[in-house]
Structures are given as C-alpha cells and as structure tokens.
Amino acid sequence: MPPQPPSRPSPPPGFRRAVWERVTRIPRGRVLGYGMVAAMLGSPRAARQVGYALAALPPDTAVPWWRVLRSDGSIAMQGDPDRGPRQAELLTAEGVEVVDGRVDMARWCWDPGVDEGGGGA
DNA sequence: AGCGTGACAAGGT
DNA sequence: GACCTTGCCACGC
C-alpha cells in the first residue's frame with residue numbers, strides 16, 4: 001500500500017466531530033498526541049485542527065479532551081490559561097504521572113491493541 | 001470565492 | 001535542552 005499520498009482519502013463531514021469521536025475512545029489513564037489523533041483521522045498534518053476541535057467543545061462535554069497532549073508530551077498552555085493546569089490535575093487524577101506540566105509520551109501514549117500498559121516501572 | 005485564524009509538528013539556531 | 005521560524009489543514013467571516 002502507498003505510504004501516504006498528499007490527497008485527502010476521505011474527508012469526514014465534520015473534522016471536529018471526528019476528533020471528538022476519536023478522543024472519546026481514549027481509555028482512562030492513557031494519553032494521545034494531537035498529531036496522532038489527526039493521523040488516525042487520515043490527516044497527519046492537521047494536528048492544529050485537532051486542538052481547534054477540542055477548543056470548540058462545550059463546557060458540559062463528555063469528551064476527555066484532557067487526554068490529548070502535544071507530540072512531546074507537554075500540555076498545551078494556549079487558549080484559556082486556566083485550562084492548562086486543570087488538564088494536569090485531570091491527568092493525575094486518572095493515574096497519569098505529570099511532571100512539570102509534561103507527560104512521558106513513550107510511557108503513557110495510548111496504543112490501540114496494547115491498552116493494558118501497566119508495564120511502567 | 002478567498003483570506004485569516006489557531007489547544008500543533010518538525011527543523012534549525 | 002530551550003527557543004524561534006516555517007509549513008499545515010480545516011473552519012469562520
């Protein structure tokens with residue numbers, strides 16, 4: 001199969017909606033990168049749109065937006081400054097180890113099929 | 001129809 | 001390792 005043609009394979013009716021659906025599949029105590037979510041949706045370069053989609057989430061949303069971080073594991077501090085620290089607390093509440101506003105991606109990054117994890121330490 | 005925006009990513013300094 | 005610059009793609013006006 002071809003590696004990754006620049007053409008859109010099948011653009012969803014609403015990219016934001018697709019992001020919410022995908023983020024909701026992230027198991028508790030696990031995290032993903034904006035670029036990873038975008039790649040799952042078929043647009044590996046639309047990482048910004050993933051963040052933009054989460055920014056459009058309602059205050060009473062059921063989408064675990066806090067489980068999405070930057071590719072390097074750092075928490076996005078853009079937008080509302082109050083949401084940044086809040087995300088760190090939500091992650092910690094789920095058992096994710098957050099150090100100085102950062103998460104060990106190689107350790108907490110969710111891999112579908114290997115949702116067990118536990119291998120930490 | 002086009003332009004600007006923005007919870008990002010990767011490369012270079 | 002950090003900080004800055006460029007490129008990206010979808011959405012709103």
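What follows draws every value from the coordinates through simple rules; no lab data is involved. Because the structure is predicted, anything quoted here is derived from the model rather than measured. We place every Cβ from the backbone using ideal geometry, glycine too, and count neighbours over all the protein chains shown.
Looking at segment A:71-120, none of the trypsin sites (Lys or Arg not before Pro) sits in a DSSP loop with at most 10 other Cβ atoms within 10 Å of its own Cβ.
Charge tally for A:Val37 (other residues, Cβ to Cβ under 11 Å; Lys, Arg +1; Asp, Glu -1): +2. In the P(r) worked out for segment A:15-104, what percent of Cα pairs fall beyond 21 Å? That tail contains 22 percent of the Cα-Cα pairs. Each other residue within a Cβ distance under 11 Å of A:Gln78 adds +1 if Lys or Arg and -1 if Asp or Glu, for a net charge of +2. With θ taken as phi - 60° and the Karplus curve 6.51 cos²θ - 1.76 cosθ + 1.60 applied, the whole-hertz 3J(HN,Hα) list for segment A:46-59 is 9, 4, 5, 5, 5, x, 5, 5, 5, 5, 8, 5, x, x Hz, x standing for glycine and proline.
Amide H contacts of A:Gly33 (H built 1.01 Å from N, in plane; Pro and chain starts excluded): A:Leu69 sit under 5 Å, all sequence-distant by 5 or more or on other chains.
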